[in-house]
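The values are calculated or read from the model by the stated rules, or taken from the named source; none is laboratory data. Remember, it's a predicted structure, so these values are computed and weren't measured experimentally. A quick note on method: Cβ atoms are made from the backbone with ideal geometry, for glycine too, and the neighbour counts reach across all protein chains shown. Protein only, heavy atoms only, side chains kept; ligands, DNA and RNA dropped before computing areas. Shrake-Rupley method; radii C 1.70, N 1.55, O 1.52, S 1.80 Å.
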Amino acid sequence: QVQLVESGGGLVQPGGSLRLSCKASGIIFSLYAMAWYRQAPGKQRELVAGISSGRRTNYTDSVKGRFTISRDNAKNTVYLQMDSLKPEDTAVYYCNRRDAPYDDWGQGTQVTVSS
């Protein structure tokens, strides 16, 4: 059974930083491209950043230059370093496979950017 557990969210002031972690179990983690998604209140879930099994990365335009996705296959963990945070980054952040996401999403981690 696949399990995705996100952590690292919190309340941060504009311009601040956070590092999110997502530990996966029940999958052969190293084989899959992984991604971070987010969902803001009243909006659809969107893909924020992805990383292939070969560590090639892609980002949505609004976070390019501010967010960095990485992975540690030995720990079955994907990370999202978020710098220069803006109020519009406020959302619940989730991880999942980038291609063909699993139906069962984790609980997510809340990121709130506010002064």
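Label-to-label distance for Leu31 and Tyr102 is 1.4 nm, based on points extended 7 Å past Cα in the beta-carbon direction.
If you plug the beta carbon distance of Ser84 and Gln1 into 1/(1 + (r/R0)^6) with R0 = 35 Å, you get a FRET efficiency near 0.40. In order along the range 70-84, the phi-based Karplus estimate (6.51 cos²θ - 1.76 cosθ + 1.60, θ = phi - 60°) of 3J(HN,Hα) comes to 8, 9, 10, 5, 5, 9, 6, 10, 10, 10, 9, 8, 10, 10, 6 Hz; Gly and Pro are listed as x.
Here the Karplus relation 6.51 cos²θ - 1.76 cosθ + 1.60, evaluated at θ = phi - 60°, turns the backbone of the range 92-97 into coupling constants of 8, 9, 10, 10, 5, 4 Hz, with x for every Gly and Pro. For Lys43, a cut-off of 18 angstrom between C-alpha atoms picks up these aspartates and glutamates, skipping any fewer than 8 places away in its own chain: Asp61, Glu88, Asp89.
At a probe radius of 1.4 angstrom, the accessible area of the range 65-115 per residue rounds to 47 square angstrom.
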